[in-house]
Amino acid sequence: MSNTTNATTIEQWGIFELPLHGSAEGNPYLDVELTAEFSYKHRTIKVDGFYDGNGIYRLRFMPDTQGTWRYRTRSNQDVLNDVEGTFSCIAPAPGNHGPVRVANTYHFAYADGTPYKQTGTTCYAWAHQGNALEEQTLATLRDAPFNKLRMCVFPKHYSFNENEPEYYPFPCLSRGSSKWDFDQMRKGEMPAGWSFDFSRFDPAFFRHFERRVADLLALGIEADIILFHPYDRWGFSRMDAQTDERYLRYVVARLAAYRNVWWSMANEYDLMRSKTMADWDRFFRIVQESDPYQHLRSIHNCFEFYDHSQPWVTHLSIQRPSPAQARLWREQYKKPAVFDECCYEGNIEYPWGNISGEEMVHRFWEGAANGGYVGHGDTFLHPEDILWWAKGGVLHGQSAPRIAFLRRILEDGPISGLNPIDGVVSYRGGFPCAGQEHAYYLAYFGQHQPARIPVNVPEGEQYRGEIIDTWQMTITPLTELVVCGTVVKLPGKPYHALLLRRVNQ
């Protein structure tokens, strides 16, 4: 006779969780197999379970359709096998729009069709800093403009981030030295003494990490989860192929049911000398086949691009200083172009971490006007080395409110996104302009400071115009309608934009 569980109610794109009691003997991470099939009418979705310590096994499922779902477990352990039940999926609560997907080739939208205009930030190791600092980070995010945050699963060792984390993803057998630098990493050296049991996971680490993912979900922020990175003194970047695969499948089993998850295979994958291009292809395929919900997938470069034309790559995660190249790469790969790293606002000694607030805001606008999306970082010196880009805490720069201003403009723009358009706002070479033909044009002049500009909207169409000061965050309407051949007067100052909306006819 099958075991049964009581029915329950879960909102669409929420999380149904089934805890099961089993044996803790031996090594459950290696010895126990657990899956479940969730069915709605003719559809069946297979989900992997995971061991959560102390004899507890869990299955998590994110239903995408309202109605009655049935489930049944499969396991090589009798106590976990053939458990069946039902639950009811009801309408999503306000603010729950489902997971983010690619939309209109170059853009994003939530599963319910609500547009998603990416304005991301980076806090690589914020989830490894202890509760006090992590709660301060969340408090900062509540009032910040960011709707995506890049974060590492593994702890990180790098300048301004050399403290020891409270938790490790694997049981620690012996502790080693923390004296290690970037040059040693590039030579392939590792500090001696660290030892972990890579045949097991530490549930406390993952419970803490997934709680932070859930905290971001509650704030409406996507968690761009970085699965690997090279800045490692513990040996996590040099695990063998079997451990890599077991780790990936475990992370996906635990986290995929959270609707705000994105998968990033790595931060600066090309600095991980122990991995080959075939390894990265394999990691993508493992995540793709393990994730029942097909969350967004990317990989982040330092120098060399991964082949973004591969079908398992959903969008580009780019490190380059000029988001003006968004147009080039979105057209090459026919995918959204996200400049997750285009240098950071700050004052540290590294060139990538000391651009001004004006320059940070400029790059956000430059990316938008070329049909792409841009990510933020804050890297100001701190007496305790608490830099937002690494550890979170509070923001010190001036760009965040200006990014919020841009986000409001983007969210008030075309639902289908901004696509590059030539010849509308131009003089000879022209300025970057994006929008939707015959409806909406957003031109950005950047560091140029024209006092006037000819506008070539289509013949017979009329537009209302607005002059935008991207730094002062002001919008000044034009007093007269704009038609083909109108010469628009501008302030003659840098960091301005011109927005044209067609008058209904």
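The values are calculated or read from the model by the stated rules, or taken from the named source; none is laboratory data. Values in this document were obtained by computation on a predicted structure and should not be read as measured data. All Cβ positions, glycine included, derive from the backbone under ideal geometry; neighbour counts span all protein chains shown.
Any residue that is surrounded by 14 or more Cβ atoms within 10 Å (Cβ to Cβ), within 25 Å of residue 415 (Cβ to Cβ) and of a type outside the set (A, V, I, L, M, F, W, C) - is there at least one of those in the stretch 489-501? Yes, that holds for at least one residue.
If you go through the stretch 149-158 one residue at a time, do you hit one that is exposed (fewer than 15 other Cβ atoms within 10 Å of the Cβ), in the same structural domain as residue 373 (by TED's automatic domain parsing) and in contact (Cβ under 8 Å) with a residue 24 or more places away in the chain?
Step one: filter the stretch 149-158 for residues exposed (fewer than 15 other Cβ atoms within 10 Å of the Cβ), giving none.
No, because not a single residue in the stretch 149-158 is exposed (fewer than 15 other Cβ atoms within 10 Å of the Cβ), in the same structural domain as residue 373 (by TED's automatic domain parsing) and in contact (Cβ under 8 Å) with a residue 24 or more places away in the chain.
Looking only at residues in the stretch 43-82 that are of a type in the set (A, V, I, L, M) and in contact (Cβ under 8 Å) with a residue 40 or more places away in the chain, which one is farthest from residue 252 (Cα to Cα)? That would be 79. For residue 142, state whether it is more than 30 Å from residue 332 (Cα to Cα), touching a residue at least 12 places away in the same chain (Cβ under 8 Å), outside the structural domain of residue 265 (by TED's automatic domain parsing) and among the basic types (Lys, Arg). Considered against the rule, which asks whether it is more than 30 Å from residue 332 (Cα to Cα), touching a residue at least 12 places away in the same chain (Cβ under 8 Å), outside the structural domain of residue 265 (by TED's automatic domain parsing) and among the basic types (Lys, Arg), residue 142 comes out as no. Checking each residue in the stretch 395-433 for being surrounded by fewer than 23 Cβ atoms within 10 Å (Cβ to Cβ), among the basic types (Lys, Arg) and modelled with pLDDT of 95 or more picks out 407, 408.
Please go through the stretch 468-489 and give me each residue that is assigned to a loop (DSSP other than H, G, I, E, B), under 31 Å from the mean Cα position of the chain (by Cα) and over 18 Å from residue 432 (Cβ atoms), ordered by number. Write out each step before concluding.
Our first condition is that a residue be assigned to a loop (DSSP other than H, G, I, E, B); within the stretch 468-489, this holds for 470-473, 478-481, 483-486.
Pick out the ones that are also under 31 Å from the mean Cα position of the chain (by Cα) and you get 470-473.
If the condition is that a residue be assigned to a loop (DSSP other than H, G, I, E, B), under 31 Å from the mean Cα position of the chain (by Cα) and over 18 Å from residue 432 (Cβ atoms), then 472, 473 are the ones that fit.
In the set 392, 377, 367, only one residue is among the small types (Gly, Ala, Ser), touching a Pro at 6+ places or on another chain (Cβ under 6 Å), crowded, with 24+ Cβ neighbours inside 10 Å and not assigned by TED's automatic domain parsing to the domain that holds residue 434; that residue is 367.
Selection of strands (runs of 3 or more DSSP E) fully inside the stretch 1-86 by the criterion of at least 2 residues being within 30 Å of residue 112 (Cα to Cα), more than 28 Å from the chain's Cα centre (by Cα) and of a type outside the set (D, E, K, R) returns 34-40, 67-75.
Condition first: over 28 Å from residue 369 (Cα atoms) and under 19 Å from the mean Cα position of the chain (by Cα). Now tell me which residues in the stretch 96-132 satisfy that. Spell out the reasoning first.
Going residue by residue through the stretch 96-132, those that are over 28 Å from residue 369 (Cα atoms) are 96, 125-132.
Listed by number, the residues that qualify are 96, 125, 126, 127, 128.
Return the only residue of 492, 465 being part of a loop (DSSP other than H, G, I, E, B), modelled with pLDDT of 95 or more and out of contact with any His (no Cβ under 9 Å at 6 or more places or on another chain). Steps first, please.
Working: 465 fails: part of a loop (DSSP other than H, G, I, E, B).
Every option except 492 fails the conditions.
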